[in-house]
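Everything on this sheet refers to the single structure shown next.
The values are calculated or read from the model by the stated rules, or taken from the named source; none is laboratory data. Here the structure is a predicted model, which is why all the values come from computation and not from measurement. Positions of Cβ are generated from backbone atoms using ideal geometry, with glycine treated the same way; all protein chains shown enter the neighbour counts.
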Number of protein chains: 2
Amino acid sequence: MSETTNKPKAHRYFVELSFDGSNFKGWQVQPKDRTVQGELIEVFSKFFREEVYVIGAGRTDTGVHATHMVAHFELDARIESTEDALYKLNRFLTTEIALKRLYEVNLEAHTRFSATERAYVYRIARVKNPFSVGQAWSFQRDLNLSAMKEAAAMLLEYSDFACFCKADADVKTTLCDVRAAYWEQVGDEWVFHIRADRFLRNMVRAIVGTLVEVGEGKHTLQQFKEILESGNRNEAGVSAPAEGLYLSEVIYPDSITDNIIHG
Amino acid sequence: MSETTNKPKAHRYFVELSFDGSNFKGWQVQPKDRTVQGELIEVFSKFFREEVYVIGAGRTDTGVHATHMVAHFELDARIESTEDALYKLNRFLTTEIALKRLYEVNLEAHTRFSATERAYVYRIARVKNPFSVGQAWSFQRDLNLSAMKEAAAMLLEYSDFACFCKADADVKTTLCDVRAAYWEQVGDEWVFHIRADRFLRNMVRAIVGTLVEVGEGKHTLQQFKEILESGNRNEAGVSAPAEGLYLSEVIYPDSITDNIIHG
């Protein structure tokens, strides 16, 4: 069922996309501000000539980017050529949003509830770089990368991430199954990768901000462990800026396309 | 000698930099428009507290970028710590310009006249990509890469590039020694590399525009050869957009630092 009306529609689609979040007030549709979800709803509704509501795998904050976001929507009419629709929709959309794949799924498949894993990337530019402005956190002071690597590895040993969760967030549990968390060097950038079944609001930026404080020597590894065990957001570091953060992957079970007859 | 006064100064410096050309009216200083050279002259003069004129290895057009540009300037006073000056100048400059190296050279070294080789890169985004907007030419229609590779290789067999030279350009000769010219695929981009002793005004963009027309099937390889031999700019293709072009390297002989006592 669509979330705006009670009328169930006949076809449900997943769309994979990337977006530069710099000039959006985040993902979630807002009455006045420009958002990614708002742009998609507007363009899809015009293009498909019916009221189309678009639901995403998660909500990204103002300025956060995605190299791989997934959203779903329902249509009364079946899309005849998804390839043709993808091409035309990309032309209608701003240069800040690129649709990459479009495919039918079964009516139970939900980009948020069916997702089994999500991944984020955080880019830190270690030298001034005109070409990563707005696309990475420019941080040129000394940092101890090996301490940051050791602290990142400690994340895998914990399951309650309350210390990295915005206090006002409306969540029932602060448990996350973190499956990967590591730093890699790519040219002049340090890139943090994290993968889990779910993430709490602001969690990745709070983790990166705290890891950078470990790199600055503001916290020892023992103190980082204590922050993790405290369950208190006030113990952790300042959140890293939005501009370095990318939603990079959302994973679904193969069953989302079960029983779909591909045209 | 400085180019604004007749007073010779005691010290000459080379500065290596990169810049995002999107919001500059090119390199060359202009009375009203914002240019890279203009920004450097202003910031350097303030920082060093003397009238500093900055001369570049070449002039880039509006919107053209550089990952590696070299400029020189003279000072009465010797810079005590080039590392410290580099750090502070980078903080004074906009995020669009990053200084990478600063070092003293002998008074005869000239970023334009001493250069022995220059290289350019041209990026074509083959799929819609929000993160390469303004940093690559977004060209998503079909192109025959192998024809474009063959045509690029033909550039090495010629020395007169009049057919790719802006008709009104004030040059004595249209001869260039092209030492490398090839395409490579990097993720979803096709990247053109070209290296020569010198380049004519607009030459790389005219070459890329014509190579893309070969890729579109508008010219056969035989016709591309005829364009090269025609010596007539009107025979070649439309220039590729500025946003995909990067000055990527300028090479100097080691002798530019001869007789400099490094502090």
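Here are some notes:
- A:Y120 vs. criteria among the hydroxyl-bearing types (S, T, Y) and without any contact (Cβ under 8 Å) to a residue 12 or more places away in the chain: no
- For A:R12, the criteria (1) under 22 Å from the mean Cα position of the chain (by Cα); (2) under 23 Å from B:K128 (Cα atoms) hold in every case but one, which is (2).
- Counting only strands (runs of 3 or more DSSP E) that sit wholly inside the stretch B:1-117, those with at least 3 residues that are more than 27 Å from B:C165 (Cβ to Cβ) are B:11-19, B:65-75, B:97-105.
- Residue satisfying all of: in the stretch B:120-146; part of a loop (DSSP other than H, G, I, E, B) and polar (S, T, N, Q); farthest from B:S239 (Cα to Cα) among these: B:N129
- Output for the stretch B:73-95, where each listed residue is touching a Ser or Thr at 6+ places or on another chain (Cβ under 9 Å) and either closer than 23 Å to B:R198 by Cα or buried (at least 20 other Cβ atoms within 10 Å of the Cβ) (or both): B:F73, B:E74
- Being more than 12 Å from every other protein chain (Cβ to nearest Cβ) and modelled with pLDDT of 95 or more is a property that holds for B:V64.
- The residues on offer are A:S146, A:S81, A:S132, and the sole one that is free of Cβ contacts under 8 Å to residues at least 40 places away in the same chain and assigned by TED's automatic domain parsing to the domain that holds A:Q185 is A:S146.
- Looking only at residues in the stretch A:72-98 that are more than 24 Å from the chain's Cα centre (by Cα) and among the aliphatic types (A, V, I, L, M), the one that is farthest from the other protein chains (Cβ to nearest Cβ) is A:A77.
- Meets criteria (crowded, with 20+ Cβ neighbours inside 10 Å, among the aliphatic types (A, V, I, L, M) and within 14 Å of another protein chain (Cβ to nearest Cβ)) for A:L155: no
- Residues of the stretch A:29-47 that are in contact with a Phe, Trp or Tyr (Cβ under 7 Å, 6 or more places away or on another chain) and in contact (Cβ under 8 Å) with a residue 12 or more places away in the chain: A:V36, A:Q37, A:I41, A:V43, A:F44, A:F47.
- Considering (1) surrounded by fewer than 13 Cβ atoms within 10 Å (Cβ to Cβ); (2) of a type outside the set (V, I, T); (3) without any contact (Cβ under 8 Å) to a residue 60 or more places away in the chain, the lone condition that A:W183 does not fulfil carries the number (1).
- Selection within the stretch B:238-254 - in contact (Cβ under 8 Å) with a residue 24 or more places away in the chain and of a type outside the set (A, V, I, L, M, F, W, C): B:S239, B:P241, B:E243, B:G244, B:Y246, B:S248, B:E249, B:Y252, B:P253
- Yes/no for B:H65 being within 23 Å of B:T257 (Cα to Cα) and either assigned by TED's automatic domain parsing to the domain that holds B:L200 or not hydroxyl-bearing (S, T, Y) (or both): no
- Hits in the stretch A:137-152 - residues which are more than 14 Å from every other protein chain (Cβ to nearest Cβ) and among the small types (G, A, S): A:S146, A:A147, A:A151, A:A152
Residue by residue, here is whether (1) touching a helix residue (DSSP H, G or I) at 6+ places or on another chain (Cβ under 7 Å); (2) not hydroxyl-bearing (S, T, Y) holds:
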site	(1), (2)
A:F224	yes, yes
A:L228	yes, yes
A:R233	yes, yes
A:G237	yes, yes
A:Y246	no, no
A:V250	no, yes
A:P253	no, yes
A:I256	no, yes
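- Leading residue by the ranking (farthest from A:H193 (Cα to Cα)) among those in the stretch A:108-136 that are surrounded by fewer than 16 Cβ atoms within 10 Å (Cβ to Cβ) and more than 10 Å from chain B (Cβ to nearest Cβ): A:E108
- Close pairs (6 angstrom Cβ cut-off, 6 or more residues apart or separate chains): more than 10 Å from every other protein chain (Cβ to nearest Cβ) and of a type in the set (S, T, N, Q) in the stretch A:16-28, surrounded by fewer than 22 Cβ atoms within 10 Å (Cβ to Cβ) and not in a helix (DSSP H, G or I) anywhere: A:Q28/A:T35; A:Q28/A:R59
- Test: residue in the stretch B:211-230 that is closer than 22 Å to B:A57 by Cα, assigned by TED's automatic domain parsing to the domain that holds B:K166 and outside any helix (DSSP H, G or I): no
- Yes/no for A:R101 being within 14 Å of another protein chain (Cβ to nearest Cβ) and closer than 22 Å to A:L221 by Cβ: no
- For A:F192, the test of being crowded, with 21+ Cβ neighbours inside 10 Å, in contact with a helix residue (DSSP H, G or I) (Cβ under 6 Å, 6 or more places away or on another chain) and within 28 Å of A:F113 (Cα to Cα) is passed.
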